[in-house]
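For reference, the structure discussed in these notes is given below.
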Amino acid sequence: MIETNLCTFEKLDDGIILQRYKFPCHVDLEVAKTGLAAIKSLAEKQPVLLCADITFVKGASVEARALGASEEFFDVIRAIGMATDSKVARVVGNFFVRFNRPRYPSKLFNTEELAQQWLRSLR
């Protein structure tokens, strides 16, 4: 497990990396870079399936969203399932998926369990 100021990252037994934000926050470029470094560390040089609980995300900067949709992320992330029951976080997640258009499959879910089931189906 890796813990940053804002998130925890855990590699589950099935290889999915679970990211959870610890408290309400706005994701800026520094947060996104720190998260990418943590994911790379857990990924062991293999593209991974990422389940991100974004419930506490209140916004994301243009730069953070651009990094999330960049080649650098595409090299590490095979797919991302975002989980939230927050209307604000759902808007942030949908904005990222629709406007930044990451090259990897991306989808929003109401629960981590549903996101993980979808990620497993992509194997």
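The values are calculated or read from the model by the stated rules, or taken from the named source; none is laboratory data. Keep in mind the model is a prediction, meaning the values are calculated, not measured. Note that we place each Cβ from the backbone using ideal geometry, even for glycine, and neighbour counts take in every protein chain shown.
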**Asked** For segment 65-76, does any single residue satisfy the condition of being within 20 Å of Arg123 (Cα to Cα) and either modelled with pLDDT of 95 or more or outside any helix (DSSP H, G or I) (or both)?
**Response** yes
**Prompt:** Among the residues of segment 37-47, is there at least one that is within 15 Å of Ser106 (Cβ to Cβ) and either touching a strand residue (DSSP E or B) at 6+ places or on another chain (Cβ under 9 Å) or surrounded by fewer than 16 Cβ atoms within 10 Å (Cβ to Cβ) (or both)?
**Reply:** yes
**Ala37 without any contact (Cβ under 8 Å) to a residue 12 or more places away in the chain and under 22 Å from Ile2 (Cα atoms)** = yes
**Unique match (being touching a residue at least 60 places away in the same chain (Cβ under 8 Å) and either farther than 26 Å from Arg123 by Cα or in contact with an Asp or Glu (Cβ under 6 Å, 6 or more places away or on another chain) (or both)) among Leu6, Leu29, Leu18, Leu49** = Leu18
**Request:** Under 9 Å between Cβ atoms, at least 6 apart or on separate chains: pull out the pairs that start in segment 102-123 with a residue that is closer than 21 Å to Gly68 by Cβ and in contact (Cβ under 8 Å) with a residue 12 or more places away in the chain and end on any residue that is among the acidic types (Asp, Glu) and in a helix (DSSP H, G or I).
**Result:** Arg103/Glu71
**Prompt:** Tell me, which residue of segment 76-90 that is over 14 Å from the mean Cα position of the chain (by Cα) and surrounded by 13 or more Cβ atoms within 10 Å (Cβ to Cβ) is nearest to His26 (Cα to Cα)?
**Reply:** Val88
